[in-house]
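Engineer: Before I ask anything, let me first share the structure, which is written out below as structure tokens.
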Amino acid sequence: MQAPPARLATHGRARIAGPFLEPAVPATILRLALPSPLRRLFDYAVPADLQHIAWQPGMRLRVPFGRREIIGILVEVSQHSEVPADKLKPALALLDAQSPLPPALFKLCLWTAQYYQHSLGDTLSWALPVLLRQGEPAEARQERFWQIAAGAQLDDPRLARAPRQREALQTLAQHPHGVPHRLLSQLQLNKDSLDLLLEKALVTCEARRHPLPARHLNWLAQPELPLNPEQQSAVSAIQSAGGHFNAFLLAGVTGSGKTEVYLQLIHQTLAAGKQALVLIPEINLGPQTLARFEQRFNARIALLHSNVNDRERLDAWLAARDGEADIIIGTRSALFTPMLKPGLIIIDEEHDASYKQQEGLRYHARDLALVRARQENIPIVLGSATPSLESLHNAHAGRYALLKLTQRAGGAQPPRFLRLDIKSLPLDSGISGPLQQAIKQTLAAGQQVLVFLNRRGFAPTLLCHDCGWISQCPRCDARMTVHQRSGELRCHHCSYSERSPRNCPDCGKVDLRPLGAGTERAEERLEILFPDTPVLRIDRDSTTRKGAMDQLLTTIHHGEPCILVGTQMLAKGHHFPRVTLVAILDADGGLFSADFRASERMAQLIVQVAGRAGRAEEAGRVIIQTHLADHPLLVQLTEQGYFAFAEQALSERRSTGLPPFSHLALLRAEAHKPGQAEEFLDQACSEAEHLLAELALHGVELLGPIPAPMERRAGRYRAQLLLQANARAPLHRLLAALLAALERMPSGRAVRWSLDVDPIDLF
Ligand code: ADP
Ligand code: ZN
Ligand code: ZN
């Protein structure tokens, strides 16, 4: 993403500079953002009892909408409305005395809605905690506290014959700040006794917020590691930004101590009285990562990820907003957490695809984090061992300062790579003879092996050897995966599954064969090949049960020889000191794919998985099975490293005019009837051509419409129109005009359509 447009247009003339909207004459029209896909504001009249309110953008109001009542967010007030006065309905109720959204967050949401060409109301729905959208008071949960009353005597004569009440009073006397209601039973306090004490006015019971732990003079709960020279110069460079906006790309090889750099930067931020926001990919938010932050600091950490319930999310959001959380750690949507005193933003593993939301509001949290850092004028650090080509390009262009960590911290050696040419070698469930030998040697040396295969299940297809039937998903243009453990065929593209047949559904014969290998199959085979060694499978199927992942990690950290088989869940963030051999069963997919980002993703995965090898004393090696052992990208990656690969890949992108050397937007449509989506996109395309001429815009190409690479998914037929531009401004001007036209187009109602600005997946 490049520099954001200087000004915000659209969505009316939202006045967001000051906290108050003070029209010269009392406001008559409230313009609200509603949770609707329509890219417009909705007008309501001010009800009689709210004539003298000092309106603030962000205040929530309950309003009638069709036959329902919904909650809207005030964007602006106005004297005029396009809606005739007799049609204008009054708002029903005001929910907030003060806007719960700080102006900075409101501004970020406005920017987001405009950039992604998305309705402001729906943008706010994605950005705000669910409970706020549902009208819950924007206040932290209150809890009842029991406390001994001032002046109460433990030997009060009224308790002479009430030993239990006396005991309860004694217990409360030991907790002068009060006891929260939920801890009563833990302290053996009986509610009835407390009620009786309350009647005698010997105790008090009041609702209040959790007492805040005092801000610490010493933020460190654990000493910091002395930094090596590369780490030190990275920290100094970021420090020299003086707390102002500056973007840094911290490109550090796996195990180079990026996390230590983050921790020391956060320490400085806390010491300056400010808050730090840390974004982490979903998959990395394991207990290991969190423990490092929690162990290091005496700080209040707010957590925002998918396992946090709605109430906890609102509490964390409020704590961050009110400056009562010092560090905010979360996944993608935590980007929208307001901060009272923002000081630093860190995006860990900035290349990770999970930062891009693939539904509804299709935002990229890394890109928005940059916008936010600029708006709030604070430094931002993007960290990765395998930076995205976009970020490297931004660094080359001078928009980010590039900070490199080239050595592993703590003295571990980088792993050695071997490209194992498997052309014409027999494969046993995807495992070649030389690889089996290498696994055997490693286990014999008492070490651990990691086998990586980015495909869940037993086999990607079931085939009838007699008639050629294959396990096609009835709802998608895709094959169903064989899941042997559960005896099912499952489609990984929709939710469809069925029992795995014993006989061919077409010819009735029994010679059904699984084709290809997934993690289940590799696991089964490795168990047979190495009967004395535990084989641990780690993928989405084996870790759904709560605690399953922890259990697997405990076994691995025990350090006994074992074989780990898994998908990309194994690739990231983990520290496995005893793993010295990493085997990548199939690197070819990323070199063949039609998706222009596939090779970048494959390279990132290989380097990340390889980074699990030899992180401690023993050196690691990485064996890559491939049919394309001489492929230039693979050679470059394994012999000269990720950055050499990235330069090569960037020069290919430049010569083909692909991102980051151009900008894309993808208009997708899907419908139940074949042809319907394409028909809509055809009209969209004509409309776009017309607008390009009318607005005199140049340098935007319309590619398509074409059927989506997987045309049918979950029973719908899909098509897409790609818009490619060499500059952002004309593309965004076109999109704004085009979407307004599409919203009016009748054929748009028969299809589901959406726009993806900066798509990372063209499927
Ligand atoms: P990354 O985040 O780059 O993958 P980590 O921060 O996890 O790297 O560091 C890898 C290992 O090196 C960890 O065990 C960490 O404690 C250790 N480490 C990091 N910095 C130093 C340092 N300056 N001195 C000694 N050990 C360090
Ligand atoms: Zn058959
Ligand atoms: Zn399907």
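Engineer: Of Ala150, Ala168, which residue is out of contact with any Phe, Trp or Tyr (no Cβ under 6 Å at 6 or more places or on another chain), farther than 30 Å from Leu667 by Cβ and surrounded by 20 or more Cβ atoms within 10 Å (Cβ to Cβ)?
Structural biologist: Ala168
Engineer: Taking the stretch 82-100 as the region of interest, how many residues are more than 14 Å from Leu32 (Cα to Cα) and of a type in the set (A, V, I, L, M)?
Structural biologist: Result for the stretch 82-100: 2.
Engineer: Of everything in the stretch 708-747, what is within 16 Å of ligand 3 (Cβ to nearest atom) and closer than 18 Å to Tyr115 by Cβ? Give them in sequence order.
Structural biologist: Going residue by residue through the stretch 708-747, those that are within 16 Å of ligand 3 (Cβ to nearest atom) are 708-718.
Answer for the stretch 708-747, where residues must be within 16 Å of ligand 3 (Cβ to nearest atom) and closer than 18 Å to Tyr115 by Cβ: there is none.
Yes or no, residue by residue, for (1) away from ligand 1 (no atom under 16 Å from the Cβ); (2) touching a Pro at 6+ places or on another chain (Cβ under 9 Å); (3) farther than 30 Å from Glu711 by Cα; (4) without any contact (Cβ under 8 Å) to a residue 40 or more places away in the chain:
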residue	(1), (2), (3), (4)
Gly433	yes, yes, yes, yes
Gln436	yes, no, yes, no
Ala445	yes, yes, yes, no
Gln448	yes, yes, yes, no
Val451	yes, no, yes, no
Val482	yes, yes, no, yes
Cys491	yes, yes, no, yes
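Engineer: Name every residue in the stretch 235-261 that is more than 8 Å from ligand 1 (Cβ to nearest atom), touching a residue at least 12 places away in the same chain (Cβ under 8 Å), under 28 Å from Gln413 (Cβ atoms) and assigned to a helix (DSSP H, G or I), in order of residue number.
Structural biologist: Val235, Ala237, Ile238
Engineer: Run Ala696 past the list (1) exposed (fewer than 14 other Cβ atoms within 10 Å of the Cβ); (2) hydrophobic (A, V, I, L, M, F, W, C); (3) more than 16 Å from ligand 3 (Cβ to nearest atom); (4) part of a strand (DSSP E or B) and report the number of the one that doesn't hold.
Structural biologist: Every listed condition holds for Ala696 apart from (4).
Engineer: Looking for whichever is outside any strand (DSSP E or B) and within 16 Å of ligand 1 (Cβ to nearest atom) here; the options are Pro414, Pro501. Which one fits? Talk me through it step by step, then tell me what you get.
Structural biologist: Working: Pro501 fails: within 16 Å of ligand 1 (Cβ to nearest atom).
The unique qualifying residue is Pro414.
Engineer: Working only within the stretch 119-160, note down all residues that are of a type in the set (Lys, Arg) and over 17 Å from Ser99 (Cβ atoms).
Structural biologist: Result: Arg141, Arg144, Arg158.
Engineer: More than 30 Å from Phe106 (Cα to Cα) and either of a type in the set (Phe, Trp, Tyr) or within 24 Å of the chain's Cα centre (by Cα) (or both): which single residue out of Leu450, Leu462, Leu389 fits that description?
Structural biologist: Unique residue meeting the criteria: Leu389.
Engineer: From the list Lys440, Lys404, exactly one residue is charged (D, E, K, R) and within 16 Å of ligand 1 (Cβ to nearest atom). Which is it?
Structural biologist: Details: Lys440 fails: within 16 Å of ligand 1 (Cβ to nearest atom).
Exactly one residue qualifies, and that residue is Lys404.
Engineer: Here is a follow-up. Is there a residue in the stretch 513-534 that is outside any helix (DSSP H, G or I), touching a helix residue (DSSP H, G or I) at 6+ places or on another chain (Cβ under 8 Å) and within 16 Å of ligand 2 (Cβ to nearest atom)?
Structural biologist: Looking through the stretch 513-534, at least one residue is outside any helix (DSSP H, G or I), touching a helix residue (DSSP H, G or I) at 6+ places or on another chain (Cβ under 8 Å) and within 16 Å of ligand 2 (Cβ to nearest atom).
Engineer: Considering only the stretch 263-279, I want to know if a residue exists there that is part of a loop (DSSP other than H, G, I, E, B), of a type outside the set (Phe, Trp, Tyr), within 16 Å of ligand 1 (Cβ to nearest atom) and touching a residue at least 24 places away in the same chain (Cβ under 8 Å).
Structural biologist: No, because not a single residue in the stretch 263-279 is part of a loop (DSSP other than H, G, I, E, B), of a type outside the set (Phe, Trp, Tyr), within 16 Å of ligand 1 (Cβ to nearest atom) and touching a residue at least 24 places away in the same chain (Cβ under 8 Å).
Engineer: Does the stretch 123-131 contain any residue that is touching a residue at least 40 places away in the same chain (Cβ under 8 Å), crowded, with 18+ Cβ neighbours inside 10 Å and part of a loop (DSSP other than H, G, I, E, B)?
Structural biologist: Yes: one or more hits.
Engineer: Quick test for you: out of Thr580, Thr554, pick the one residue that is among the β-branched types (Val, Ile, Thr) and at pLDDT below 90. Give the steps one after another, and end with the answer.
Structural biologist: Details: Thr580 fails: at pLDDT below 90.
It is Thr554.
Engineer: Output the residue which, of all residues in the stretch 470-498 that are among the basic types (Lys, Arg) and part of a loop (DSSP other than H, G, I, E, B), is farthest from ligand 2 (Cβ to nearest atom).
Structural biologist: My answer is Arg485.
Engineer: Kindly provide the set of residues from the stretch 634-663 that are among the hydrophobic types (A, V, I, L, M, F, W, C) and surrounded by fewer than 20 Cβ atoms within 10 Å (Cβ to Cβ), ordered by number.
Structural biologist: Val635, Phe643, Ala644, Leu650, Leu658, Phe661
Engineer: Regarding the stretch 465-474, can at least one residue be identified that is of a type in the set (D, E, K, R) and more than 34 Å from the chain's Cα centre (by Cα)? Give the derivation first.
Structural biologist: Taking the stretch 465-474 and keeping what is of a type in the set (D, E, K, R), we get 466.
Cutting the leftovers down to more than 34 Å from the chain's Cα centre (by Cα) gives us 466.
Yes, some residue in the stretch 465-474 is of a type in the set (D, E, K, R) and more than 34 Å from the chain's Cα centre (by Cα).
Every residue, every condition in (1) at pLDDT 95 or above; (2) of a type in the set (A, V, I, L, M), yes or no:
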{"site": "Phe661", "(1), (2)": "yes, no"}
{"site": "Gln683", "(1), (2)": "yes, no"}
{"site": "Ser686", "(1), (2)": "yes, no"}
{"site": "Pro730", "(1), (2)": "yes, no"}
{"site": "Leu734", "(1), (2)": "yes, yes"}
{"site": "Ala737", "(1), (2)": "yes, yes"}
{"site": "Gly748", "(1), (2)": "no, no"}
{"site": "Phe763", "(1), (2)": "no, no"}
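Table: residues versus (1) free of Cβ contacts under 8 Å to residues at least 40 places away in the same chain; (2) touching a strand residue (DSSP E or B) at 6+ places or on another chain (Cβ under 9 Å); (3) on the phi < 0 side of the Ramachandran plot.
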| residue | (1), (2), (3) |
| --- | --- |
| His663 | no, yes, yes |
| Leu691 | no, no, yes |
| Pro707 | yes, yes, yes |
| Gly715 | no, no, no |
| Ala736 | no, no, yes |
| Ser747 | no, no, yes |
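Engineer: So the check is Cβ under 6 Å with 6+ separation or different chains; which pairs have a first residue in the stretch 361-378 that's outside any helix (DSSP H, G or I) and a second one that's charged (D, E, K, R) and surrounded by fewer than 24 Cβ atoms within 10 Å (Cβ to Cβ)?
Structural biologist: So the pair list comes out as Arg362/Asp756; His364/Lys356.
Engineer: Same structure again: So how many residues does the stretch 327-360 have that are in contact with a Phe, Trp or Tyr (Cβ under 6 Å, 6 or more places away or on another chain) and assigned to a strand (DSSP E or B)?
Structural biologist: Number of matching residues: 1.
Engineer: Quick check: is even one residue across the stretch 225-246 more than 30 Å from Val622 (Cβ to Cβ), of a type in the set (Asp, Glu) and at pLDDT 90 or above?
Structural biologist: no
Engineer: Scan Lys546, Lys509 and give me the residue that is assigned to a loop (DSSP other than H, G, I, E, B) and either within 16 Å of ligand 3 (Cβ to nearest atom) or closer than 24 Å to Glu282 by Cβ (or both). It would help to see each step written out before you state the result.
Structural biologist: On the way: Lys509 fails: either within 16 Å of ligand 3 (Cβ to nearest atom) or closer than 24 Å to Glu282 by Cβ (or both).
The unique qualifying residue is Lys546.
Engineer: Further question on the same structure: Does at least one position in the stretch 703-720 carry a residue that is assigned to a helix (DSSP H, G or I), more than 25 Å from Glu600 (Cβ to Cβ), modelled with pLDDT of 95 or more and away from ligand 2 (no atom under 16 Å from the Cβ)?
Structural biologist: No: zero hits.
Engineer: Could you pull out the residue among Ala113, Ala162 that is among the hydrophobic types (A, V, I, L, M, F, W, C) and touching a residue at least 40 places away in the same chain (Cβ under 8 Å)? Please lay out each step first, then the result.
Structural biologist: Working: Ala162 fails: touching a residue at least 40 places away in the same chain (Cβ under 8 Å).
Exactly one residue qualifies, and that residue is Ala113.
Engineer: Then there is this: Given the options Val46, Val75, Val83, name the one that is of a type in the set (Val, Ile, Thr) and at pLDDT 95 or above.
Structural biologist: Of Val46, Val75, Val83, the one residue that is of a type in the set (Val, Ile, Thr) and at pLDDT 95 or above is Val75.
Engineer: Looking for whichever is under 30 Å from Leu734 (Cβ atoms) and among the acidic types (Asp, Glu) here; the options are Glu82, Glu136. Which one fits?
Structural biologist: Glu82
The values are calculated or read from the model by the stated rules, or taken from the named source; none is laboratory data. The shown structure was predicted, so the numbers you read here are calculated from the model rather than taken from an experiment. For neighbour counting, all protein chains shown are included, and Cβ atoms are generated from backbone atoms with ideal geometry for every residue, glycine included.
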